[in-house]
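In what follows, a structure is listed as structure tokens, so that the remarks can point back to it.
The values are calculated or read from the model by the stated rules, or taken from the named source; none is laboratory data. Note that this is a predicted model, so its numbers are computed, not measured. Quick reminder, even Gly has a Cβ in these numbers, built from the backbone with ideal geometry, and neighbours come from all protein chains shown. Calculation scope for accessible area: heavy atoms of the full protein, side chains included, ligands and nucleic acids excluded. Shrake-Rupley method; radii C 1.70, N 1.55, O 1.52, S 1.80 Å.
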Amino acid sequence: MRYAQGGGLTAEGRRRRELVRLAAVEKFEQRVPVPEIAGELRVSERSVQRWRRAWEAGGAPALASKGQAARCRLGGDQLAELDRVLDAGPAAAGWADQRWTLARIRDLVAAKFKVQYTIPGIWYLLRRRGWSCQLGARRAVERDDGAVEVWKKETWPRVKGPRRPSAAGSSSKTRPASG
């Protein structure tokens, strides 16, 4: 499945986060306590502490956005082509069933674009592109829900057996209850 808004942060999202960090710099200069900064900016105290350490080490430029975390190895045209292939489905790409796996997508990218990715790298790429992991219901075609209900009501109580009596006893496996 693919989310319409895509995955990861956009340049605008990174800019908004940078503004929050720069607002924290003003508070650092005023010697405002960490819990107060965290509450006002609606971030964790741990983040504020990390920002304060970076600010003390390198000033406000140390809190500037460093851009996208990892540069994508595929170009814009290649990413658009990958999206088209994934939308068409595994059968259109030559697989017998209708399941995209990370290994299949990795192999597809390597064959089609001559670019090597690891399995986690493919997962990060797909998330940045707005794809999510979806698992099927995994129900057998032959499943008979009526027979399952009958089995649960009639057969399972017999197989399970009666409950143990709730008499006093010992929880020790080596020392039986003394009575």
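Miscellaneous remarks
- Reachable aspartates and glutamates, given that their alpha-carbon falls under 14 Å from the alpha-carbon of LYS152 and they are not under 8 places away in the same chain: ASP144
- Using the empirical formula 2.2 N^0.38 Å as the baseline, the Cα radius of gyration of the stretch 50-94 reaches a ratio of 2.11.
- Net charge, ARG50 excluded, C-beta distance under 12 Å - Lys, Arg +1, Asp, Glu -1: +2
- Other residues whose C-beta falls under 13 angstrom from the C-beta of ALA111 contribute a net charge of +2, scoring Lys and Arg +1 and Asp and Glu -1.
- In degrees, nearest ten, helix 102-113 long axis to first principal axis of the chain (Cα): 40 degrees
- Split the accessible area of the stretch 52-113 by element, probe 1.4 Å, and carbon with sulfur accounts for 52%.
- Net charge of Cβ neighbours under 11 Å - reference TRP95; Lys, Arg +1; Asp, Glu -1: 0
- For Cα extents along the principal axes in Å, calculated from these coordinates, the label among [x] 73, 60, 30; [y] 52, 41, 26; [z] 41, 41, 27: [x]
- Here LYS114 is the anchor, and the lysines within straight C-alpha reach of less than 30 Å, apart from those fewer than 8 places off in the same chain, are LYS66.
- Residues TRP123 and GLN49, FRET efficiency given R0 of 25 Å [Cβ-Cβ distance, rounded to 0.05]: 0.25
- Note on GLU56 and GLN134: their simple-model spin labels are 4.9 nm apart, each label 7 Å out from Cα toward Cβ.
- Highest to lowest packing among 86-98, 18-30, scored as the average C-beta count within 10 Å: 18-30, 86-98
- Principal-axis analysis of the Cα atoms of the chain puts helix 45-58 at an angle of about 30° to the longest axis.
- Report summary: the helix-based calculation at 222 nm, which adds -39500 (n - 2.57) for every DSSP H run with n ≥ 4 and divides by the residues of the chain, gives -14500 deg cm²/dmol.
- Distance between modelled label sites at VAL159 and ARG99, nm, 7 Å Cα→Cβ extension: 2.5 nm
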